[in-house]
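The values are calculated or read from the model by the stated rules, or taken from the named source; none is laboratory data. From a predicted model like this one, the values you see are computed outputs, not experimental measurements. We place every Cβ from the backbone using ideal geometry, glycine too, and count neighbours over all the protein chains shown. Accessible surface areas use protein heavy atoms only, side chains included; no ligands, DNA or RNA. Shrake-Rupley method; radii C 1.70, N 1.55, O 1.52, S 1.80 Å.
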Amino acid sequence: TGFDASSISNAGEVSGVFLGDPAAAGIQGMSSKSFGLFAKGGAGSSATAIRSFPALNVGDSIAFQWSINWDGGNGADGKKGFNLWAGSTFLMNVENAGSSDISVGGTSSAIGYGTQAMNWSITRTAADKLQVRTTRRDGGVFTRELTVSSSAPTRFEFYASNVIGSSVDPS
């Protein structure tokens, strides 16, 4: 709840978005009403879904599930993840690229390959601080605080390029 309509774009011969059940791709623990991105048409293939939401004030959080069932393999070019923006100001990135590791704010999270959905929350703890929290695929918890621009977060950009895909449950 709380998201505006999605803005979706894709490029390349085999790329796009779909609504479906992540279990069909071997992903566990997500609603069957999720959307997925795929971009496996080679270099230049990409899919992006942008969703805006009301600005997060200090103390506000946003939460969602995100899962991927293939690492960012496909060579160094394959990647998938999400960016958080404040209008046109970039705030942070979570990305899986070229290996099984997921980086948060440009640093390894040590969350490796798996098929279990991850529950993510991002809380604006101060004007220039975000706390990122997710359940690890092994059931543990990962937390990192990031220093960002003092602008309030207002949109997500989920993406996949030159990879198999990823799923998101924004409810």
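Going by Cα centres, region 1-38 and region 86-156 are how many Å apart?
Going from one Cα centre to the other spans 19 Å.
Specify whether the C-alpha gyration tensor of region 1-123 places it in the rounded, prolate or oblate class, a ≥ b ≥ c being the square roots of the eigenvalues: rounded for a/c under 1.5, otherwise prolate if a/b is larger than b/c and oblate if not. Don't jump to the answer; show the numbers that get you there.
Values: a/c = 1.33, a/b = 1.28, b/c = 1.03.
Rounded is the answer for region 1-123, as its axis ratio a/c remains below 1.5.
Please report, as a whole percent, how much of the solvent-accessible surface of the chain comes from carbon and sulfur atoms (probe radius 1.4 Å).
Looking at the chain in its full context, I get 49 percent from C and S.
For region 57-156, what is the accessible area per residue in Å², given a 1.4 Å probe and the full set of protein chains?
The answer is 41 Å² per residue.
State to the nearest 20 debye the size of the charge dipole of region 89-171 about its Cα centre, where the only charges are +1 on K and R beta carbons and -1 on D and E beta carbons. The partial results should precede the final answer.
Values: 7 positive and 7 negative charges, 37 e Å.
Computed about the Cα centre, the dipole is about 180 debye.
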